[in-house]
Each structure stands twice: as C-alpha cells, then as structure tokens.
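Heads up: the structure comes next, in structure tokens.
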C-alpha cells in the first residue's frame, strides 16, 4: 500500500531585487538521481516568478516503510532560471520554499 501526497502546494517567501526576474521548477526524482539544470524527473510545481506560490501539479507517491523504518525517499530538485531581460547583476535575492501536503491512502 502506498501513501500518496494527494493535495498540497508550494509557498515561497522571496525577497531581493531579482524576485520577478527569476522563475523556478521543482522536480520529483529517484533518491539516487542527480539534480542538474535539466533534471530527469516529474515536474511537480513551477513558478513564473521566484515569489509565486503554486499548487502541486503532480502527485508524489511515497511508499511507507516498515515500522519506524523509512522506505525509498523521493528527492526534490529545485531549478531556478534567470530571465534574459530584467535580471540585475550583483543583486542579492533569497527564497525559502515551504511544501505543504496531505497524505492519503492509495
């Protein structure tokens, strides 16, 4: 029996001069996969600006472990892209992503 993240979203708290010039995508990947600028995985959320919050666009399937032992992890890969126009060099920008989800039995 798998536990499936059935609903949820991403809230982003971003600040700095480039929040509107940066976008992001979040991918679900196998635990042993490599996170890169072009990840092989399922996109679960995207934001047109760094500060934009969004709903999960795809469910994450999480298999339960046995007792207190965890099963296989799902790795999340965060990819941030800069716009060709409007991106200011030498400007600090930071973001904190909060993932909220509700687990349901499959």
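The values are calculated or read from the model by the stated rules, or taken from the named source; none is laboratory data. Bear in mind that the values here come from a model prediction, so they are computed numbers and not experimental data. In this analysis, Cβ positions are derived from the backbone assuming ideal geometry, glycine residues included, and neighbour counts consider all displayed protein chains.
What the table below lists for this structure:
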quantity: Candidates 83, 31, 14 - the one that is surrounded by 15 or more Cβ atoms within 10 Å (Cβ to Cβ), in contact with a strand residue (DSSP E or B) (Cβ under 9 Å, 6 or more places away or on another chain) and modelled with pLDDT of 75 or more; calculated: 14
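Residues are listed down the side, and each one gets a yes or a no for (1) within 19 Å of residue 16 (Cβ to Cβ); (2) modelled with pLDDT of 90 or more; (3) touching a helix residue (DSSP H, G or I) at 6+ places or on another chain (Cβ under 8 Å):
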residue: 42; (1), (2), (3): no, no, no
residue: 51; (1), (2), (3): yes, no, no
residue: 66; (1), (2), (3): no, no, no
residue: 72; (1), (2), (3): no, no, no
residue: 79; (1), (2), (3): yes, yes, no
residue: 90; (1), (2), (3): yes, yes, no
